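What follows is a set of notes on a single structure, which appears directly below.
The values are calculated or read from the model by the stated rules, or taken from the named source; none is laboratory data. What you are looking at is a predicted structure, and each value in this text was computed from that prediction instead of being measured. Counting neighbours? That spans all protein chains shown, and the Cβs are built from the backbone with ideal geometry, glycine included. Calculation scope for accessible area: heavy atoms of the full protein, side chains included, ligands and nucleic acids excluded. Shrake-Rupley method; radii C 1.70, N 1.55, O 1.52, S 1.80 Å.
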Amino acid sequence: MTFERSTSDRMKQAVIEYPKHLGLHIDGEWVTSGRDVHTVLDPATGQSLGALTLAGDEDLDRAIASAELGFRRWRSTAPAARAAILFKAANLLRARTEAIATAATLEQGKPLAESRAEASYVASLVEFYAGEAVRIYGRVLTRPAGARSLVLKEPVGPSVAFCPWNFPILGPARKIAPALAAGCSIILKPAEETPASAIGVAQCFLDAGLPPSVLSLVFGVADRVSARLLSSPIIRKLSFTGSVAVGKHLLRLASGTMKKTTMELGGHAPVLVFEDCDVEGTAASLAAAKFRNAGQVCVSPTRFYVQESVYDRFLNAFLAKAETVRLGPGIEKSTTMGPVANSRRIAAMEHLVADARAAGANLAVGGERGESKGGLFYRPTVLAHVPVAARAMNEEPFGPMALINSFRTVEEALEQANRLPYGLAAFAFTENGRRQLLLQENIECGLLGINTLALSAVDAPFGGVKESGHGSEDGPEGLDAFLVTKTVHQG
Ligand code: NAD
């Protein structure tokens, strides 16, 4: 795709590039017909992008059988050979960035620049796990002469993963890459909203030479797919990213056969802003981060607690930045915030805004749909002085909504930050070293950004505590999630 063309030409071209037939990949075969279908919609226009084939029970059973076979084959493949395939997949991901990013923007809505950045991060992540594939170590324990004890790390087994629609390129890669590096086969069910991105990612691994039975891709009626896959004793691992409610449901299903689990669930990130930071600069960076991906980010800054002495300055600077957001189709170059990904998010925003206003919050900006022409646009929204009882202060908004309140003392800020049952991300902005240490030690979260908004790095674990889940993705911990320990005592 060239980018000198006019916007409308670019959009037409992009639509042409979106695959029309989207299907399942089971045991080396693509299935793109003969089943129920789901219509994939462009959230910027409401138009159909393509038809997605959905799996029936027989397909799921074939995927399980294939994963069992694929696991036997893949676990005995030399780690260096696994690494070579992952390196090749990373190269293919780089080469196909434009096509995968375009598909992601069309089906999910985010600006093309964000999709490109996501694809590029994914290539680095796959490269990281290619390197990790040859660094799976155990331990030898010292024993009397003639004896020893060994601690061995082995792949957990055929795995199942479910990933959501908000990061349609990263989600699949975060599951596939560490599973493959560890020596596991995997059945992935990406979100039905964003199949082309997941198919694009999976195709890179297949084209890199992955034995076909090692990776299956299925789509379907979520509850039916998870019930079928998770009831099988052949499947030894579940990795899920999504809402807390669905996470709890899947944990119950996985407990029937005691599968190992990784749960990357929702959050409600508190942001503590102290008077000693660069107030205006911090507000502008936070507003940009808030409206990234229209707020549909599990670590999105959401509940802002600003020290009373700088509250008005912060709010004004935040609003000024919010006013500069250009709402539009993600495929257009001038767009800085796209539509939300599905109509459930519009309904949630409308409900949460109405409830917060009824509770006494001040709507500072937004709080309504954007001009739409059939698209799912919702304006950047800022609510100030939001009562703690408002639903938005307690439920993850997962949309373009900032809730900005004030605090007086650090103790009060900490109490608010830890008030909810979630514990994924938190942020704090302060130059005071002693206070930074206090916050490090006392904020209940899996990811803390101090004077930074960047919480993802390929070599660093990513995950939450409390009801935000357990286990980590990315970093060596992400690999460990697909390994089990065997201790051998030799006498
Ligand atoms: P949802 O709870 O219905 O779905 C969340 C994800 O889980 C989706 O990808 C969906 O395909 C999957 N899912 C749903 N039911 C499932 C089942 N029975 N088996 C397997 N997978 C299943 O909600 P939604 O409307 O898609 O998203 C709304 C909420 O989900 C948000 O408010 C947010 O809290 C959460 N969410 C979190 C993340 C994250 O990165 N942690 C990502 C997307 C959504």
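Of all residues in region 463-483, one or more are at positive phi, open to solvent by less than 40 Å² (accessible area, probe 1.4 Å), more than 16 Å from the ligand (Cβ to nearest atom) and of a type outside the set (Asp, Glu).
When restricted to residues that are within 16 Å of the ligand (Cβ to nearest atom) and part of a loop (DSSP other than H, G, I, E, B), region 370-389 contains 1.
Just to verify a result, which residue in region 360-369, among those that are assigned to a strand (DSSP E or B) and under 18 Å from ARG303 (Cα atoms), is most open to solvent (accessible area, probe 1.4 Å)? In this case the residue turns out to be ASN362. Of everything in region 228-242 that is of a type outside the set (D, E, K, R) and open to solvent by less than 10 Å² (accessible area, probe 1.4 Å), the residue that is farthest from the ligand (Cβ to nearest atom) is ILE235. Which members of region 223-242 meet the condition of being in a helix (DSSP H, G or I) and over 29 Å from VAL297 (Cβ atoms)? Residue satisfying the conditions is ARG228 alone.
For VAL225, indicate whether it is within 16 Å of the ligand (Cβ to nearest atom) and open to solvent by less than 10 Å² (accessible area, probe 1.4 Å).
Against the criterion (within 16 Å of the ligand (Cβ to nearest atom) and open to solvent by less than 10 Å² (accessible area, probe 1.4 Å)), VAL225 qualifies.
In the set (1) open to solvent by 10 Å² or more (accessible area, probe 1.4 Å); (2) among the aliphatic types (A, V, I, L, M); (3) within 13 Å of the ligand (Cβ to nearest atom), the condition left unmet by ILE199 is number (3). Filtering region 398-411 to residues that are open to solvent by less than 10 Å² (accessible area, probe 1.4 Å) and either more than 15 Å from ALA364 (Cβ to Cβ) or without any contact (Cβ under 8 Å) to a residue 12 or more places away in the chain (or both) leaves GLY399, PHE407.
Kindly check whether there is at least one residue in region 376-384 that is closer than 30 Å to TYR121 by Cα and surrounded by fewer than 17 Cβ atoms within 10 Å (Cβ to Cβ).
no
For GLU192, the conditions (1) surrounded by 24 or more Cβ atoms within 10 Å (Cβ to Cβ); (2) within 15 Å of the ligand (Cβ to nearest atom) are fulfilled apart from (1). Looking for something touching a residue at least 60 places away in the same chain (Cβ under 8 Å), more than 16 Å from the ligand (Cβ to nearest atom) and surrounded by 18 or more Cβ atoms within 10 Å (Cβ to Cβ) - is there at least one such residue anywhere in region 139-149? Within region 139-149, none of the residues are touching a residue at least 60 places away in the same chain (Cβ under 8 Å), more than 16 Å from the ligand (Cβ to nearest atom) and surrounded by 18 or more Cβ atoms within 10 Å (Cβ to Cβ).
Could we say that SER159 is within 16 Å of the ligand (Cβ to nearest atom) and more than 16 Å from the chain's Cα centre (by Cα) here? Against the criterion (within 16 Å of the ligand (Cβ to nearest atom) and more than 16 Å from the chain's Cα centre (by Cα)), SER159 qualifies.
Right, ARG344: among the basic types (Lys, Arg), buried (at least 16 other Cβ atoms within 10 Å of the Cβ) and not assigned by TED's automatic domain parsing to the domain that holds SER197 or not? Against the criterion (among the basic types (Lys, Arg), buried (at least 16 other Cβ atoms within 10 Å of the Cβ) and not assigned by TED's automatic domain parsing to the domain that holds SER197), ARG344 does not qualify. Apart from one condition, ALA181 fits all of (1) more than 16 Å from the ligand (Cβ to nearest atom); (2) surrounded by 24 or more Cβ atoms within 10 Å (Cβ to Cβ); (3) within 20 Å of SER255 (Cα to Cα); the exception is (3). Residues in region 319-340 that are surrounded by fewer than 24 Cβ atoms within 10 Å (Cβ to Cβ) and either among the small types (Gly, Ala, Ser) or in contact with a strand residue (DSSP E or B) (Cβ under 6 Å, 6 or more places away or on another chain) (or both) were compared, and the one that is farthest from GLU280 (Cα to Cα) is GLY328.
Restricting GLY423, GLY399, GLY367 to residues that are more than 16 Å from the ligand (Cβ to nearest atom) and of a type in the set (Gly, Ala, Ser) narrows the list to GLY367.
Note on region 211-222: among residues that are part of a helix (DSSP H, G or I) and open to solvent by 20 Å² or more (accessible area, probe 1.4 Å), the one that is modelled with the lowest pLDDT is PRO212. Hey, among the residues in region 184-210 that are without any contact (Cβ under 8 Å) to a residue 40 or more places away in the chain and not in a helix (DSSP H, G or I), which one's farthest from LYS237 (Cα to Cα)? Top of the filtered list is ALA191.
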